[in-house]
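Chemist: Once you've had a glance at the structure underneath, I'll fire off some questions.
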Amino acid sequence: MSKNFDVVVIGGGPGGYIAAIRAAQLGFNTACIDEWKNEKGGPAPGGTCTNVGCIPSKALLQSSEHYEHASHGFAEHGIEVKGLGLNLEKMLGRKNTVVKQNNDGILYLFKKNKVSFFHGRGSFVKGDANGYEIKVAGAAEETITAKHVIVATGSNARALPGAEFDEKLILSNTGALSITEVPKKLGVIGAGVIGLEMGSVWRRLGAEVTVLEALPTFLGAVDEQIAKEAQKLLTKQGLAVNLGVKIGAIKAGKNSVSVEYTDAKGDAHTGEFDKLIVSIGRTPNTIGLNPEGVGLKLDERGFIAVDGDCKTNLPNVWAVGDVVRGPMLAHKAEEEGVAVAERIAGQHGHVNFNTIPWVIYTSPEIAWVGKTEQQLKAEGVQYKAGTFPFLANGRARALGDTSGMVKFLADAKTDEILGVHIVGPMASELISEAVVAMEFRASSEDIARICHAHPSLSEATKEAALAVDKRALNF
Ligand code: FAD
Ligand code: NAI
């Protein structure tokens, strides 16, 4: 195997493995180094996303939703379930199988695209515009060289000071995805994306979940109207979300964790939990990379400093994904990975930050793209809004899931779509239409004129677009 490469990618998460595949497609002799190990010590490429993020969380969200339907939802359809049981071991086993299928899929894709894979930790040794030496510390140690380096080393869960993760009682996302017995009382610190998704999983499986959030508003980055609706729906399901709390001492005992906190009124409480998930954001990961060895610049928060094109301060060194600025999302990492490979090839790689969709996979799902109403107000943009509730959508009624709405925000003068916000069934799929529309700079009238299949949830999207012009037909 050649040890001299045109492109070496450090990190095999969605940013890294996709960058490596695209670079190989473009004709570069490419290697990808990833250190993630499966439980047998073998390679498990795919990063946080595949191993302890997007994929296993969605597997458990699906399983727990089936369980909730079987225990509460089916009766309404005339389906009687007797003797319902939960085999958590099997559920976790299925999740692990789904993860492994994805790990194996990536190894297959590397072979198919002739990407050389190195299992181990990659670190900079030395280099300049003529090339870089990178040490790979795996089962053996070796050094490879690269003309271009793409760093995609991802992120780690942020711990609360004084409450380090032990993954037994105080859990990051890693532990939260592998609890072997449904906790009676589960505490969650942080009502962000992970807190709501993992809180939903364990609530559906029977835990009493208390979420403690520092900010006074629920999902502050989400359109206010949508966030309010989501808060109402999730609270009704039994997720106890406490806003405006201040966390004090956290003490792990033998079998439980106590959390001291004051609520929004300033009253003091102590929560006793069987498990505590801490999901208060993530920090960029450059552990073991040796950026200082080659003078690779980090910013004041520890992210690798890059320009709009993902170029670092070093010639021919690029960085993508969670380890650089911008939203920590798998599809954002992938887009950057593709764009960088294309830039290395002298092409015009492109990432449109205005049209990166967000999805929170609660039930109902929350999805959005573009600006929120509060952002447009703050920017002084004149806009029109149109909303349509799923309550008035025939397919949603047939599904038995009529919660939520679709909301369009369009420029008051030009009618260009500025943002689309959804809380409701299959919002993760529905948002794609809005992303396409915004990428093509469509107007709300464009969507309103397009024929949508009946009966489908996507008709709610069309109706919300019609509502911008106050001409919804079914509401
Ligand atoms: P990572 O996926 O973190 O991959 C980095 C890889 O680099 C890892 O394999 C790591 O082991 C390896 N590495 C690091 N340093 C070195 C080194 N020196 N040498 C060799 N290898 C190294 N995003 C979504 O878009 N949708 C979701 O539904 C979603 N769900 C999530 C759920 C959870 C619980 C979590 C925690 C995250 C979720 N995310 C989701 C976020 C998503 O996982 C990240 O945005 C994404 O994984 C970032 O990709 P990346 O390639 O930048 O980094
Ligand atoms: P987050 O940024 O989404 O939420 C963290 C929450 O914790 C915020 O609401 C914040 O106000 C709160 N918080 C911070 N410090 C606190 C404190 N001391 N006490 C109480 N609350 C505190 O981060 P999270 O949930 O950890 O997820 C990390 C990232 O992973 C997400 O931002 C997202 O980028 C990615 N992710 C994406 C998913 C998706 O796309 N569906 C799913 C899960 C994670």
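Chemist: Nearest 5 is fine: what % of DSSP beta bridges in the chain come out antiparallel, could you say?
Modeler: 65 percent
Chemist: Please go through the residue pairs Lys228/Lys407; Lys228/Lys377; Lys37/Lys135; Lys135/Lys168; Lys185/Lys246 and name each one whose alpha carbons sit more than 24 Å apart in this structure.
Modeler: Distance filter (> 24 Å) returns Lys135/Lys168.
Chemist: Report, to two decimal places, the Cα Rg of the chain normalised by 2.2 N^0.38 Å (N = number of residues).
Modeler: Relative to the rule-of-thumb radius for its length, the chain sits at 1.03.
Chemist: Asn354 versus Ala412, label points 7 Å from Cα toward the beta carbon: distance in nm?
Modeler: About 1.9 nm, to one decimal.
Chemist: Identify the residues of segment 41-66 with backbone N under 13 Å of a label point that sits 7 angstrom from the Cα of Leu84 along the Cα-to-Cβ direction, or state none.
Modeler: Zone members listed by number: 64-66.
Chemist: Continuing with this model, one more query. Tell me the chymotrypsin sites (Phe, Trp or Tyr not before Pro) within segment 379-464 that lie in a loop according to DSSP and have at most 14 other beta-carbon atoms within 10 Å.
Modeler: Counting only loop positions with at most 14 other Cβ atoms within 10 Å, the chymotrypsin sites (Phe, Trp or Tyr not before Pro) in segment 379-464 are Phe440.
Chemist: Taking the Cα centre of each part, how many Å lie between segment 330-353 and segment 435-466?
Modeler: If you average the Cα positions of each part, the centres end up 28 Å apart.
Chemist: Can you give me the Cα centroid spacing of segment 1-69 and segment 200-262 in angstrom?
Modeler: 31 Å
Chemist: Can you give me the % of accessible surface on the chain that is carbon or sulfur? Probe 1.4 Å, all protein chains present, nothing else counted.
Modeler: C and S atoms contribute 51 percent here.
Chemist: Turning to a different aspect of this structure: By how many nm would the segment from Thr97 to Asn4 grow when fully extended, if each residue of separation counts as 0.36 nm and the alpha-carbon distance is taken off?
Modeler: Residue separation times 0.36 nm, minus the Cα-Cα distance, leaves 30.0 nm.
Chemist: With all pairs of different alpha carbon atoms counted, what Kirkwood hydrodynamic radius in Å does segment 355-468 show?
Modeler: This gives a value of 13.7 Å.
Chemist: Modelling each spin label as a point 7 Å along the Cα-to-Cβ direction, I'd like the Ile287/Lys126 distance in nm, to one decimal.
Modeler: Between Ile287 and Lys126, the label points sit 2.9 nm apart.
Chemist: When DSSP assigns beta bridges and you keep just the ones with both residues in segment 170-280, what percent turn out antiparallel, to the nearest 5?
Modeler: 45 percent
Chemist: Given the rule -39500 (n - 2.57) for each run of at least 4 DSSP H residues, summed and divided by the residues of the chain, what is its mean residue ellipticity at 222 nm, to the nearest 500 deg cm²/dmol?
Modeler: One gets -9500 deg cm²/dmol as the mean residue ellipticity at 222 nm.
Chemist: Tell me, what does the Kirkwood hydrodynamic radius of segment 170-280 come to in angstroms if you use every pair of distinct C-alpha atoms? Each step should come with its number before you reach the end.
Modeler: Working: mean 1/r = 0.0714 Å⁻¹.
Mean inverse Cα-Cα distance, inverted, gives 14.0 Å.
Chemist: Right, another one. With every protein chain left in place, what is the accessible area per residue of the chain in square angstrom, probe 1.4 Å?
Modeler: 47 Å²
Chemist: Mind checking the full-extension length gain between Asn113 and Glu429? Use 0.36 nm per residue of separation minus the Cα-Cα distance, one decimal, nm.
Modeler: 110.9 nm
Chemist: Using DSSP H assignments, which helices in the chain have an axial alpha-carbon span of 15 Å or above and a mean Kyte-Doolittle hydropathy of -0.5 or higher?
Modeler: In the chain, the long hydrophobic H runs are 14-25, 54-68, 193-204, 330-344, 427-439, 458-468.
Chemist: Run the numbers for Lys58 and Thr270: contour at 0.36 nm per residue of separation, minus the present Cα-Cα distance, in nm. Numbers along the way, then the final one.
Modeler: Details: separation 212, 0.36 × 212 = 76.32 nm, distance 3.15 nm.
So the extension gain works out to 73.2 nm.
Chemist: In segment 220-237, which residues have a backbone nitrogen under 17 Å from the label point lying 7 Å from Ala75's Cα in the Cα-to-Cβ direction?
Modeler: 237
Chemist: Report the FRET efficiency, 1/(1 + (r/R0)^6), for Ala139 and Gln237, where r is their Cβ-Cβ distance and R0 is 41 Å, rounded to 0.05. Before the final figure, lay out each step's value.
Modeler: On the way: r = 47 Å, r/R0 = 1.15.
Approximately 0.30, to the nearest 0.05.
The values are calculated or read from the model by the stated rules, or taken from the named source; none is laboratory data. From a predicted model like this one, the values you see are computed outputs, not experimental measurements. So basically every Cβ, Gly included, is an ideal-geometry build from the backbone, and we count neighbours across all protein chains shown. Heads up: the accessible areas ignore ligands, DNA and RNA and are worked out on the full protein's heavy atoms, side chains in. Shrake-Rupley method; radii C 1.70, N 1.55, O 1.52, S 1.80 Å.
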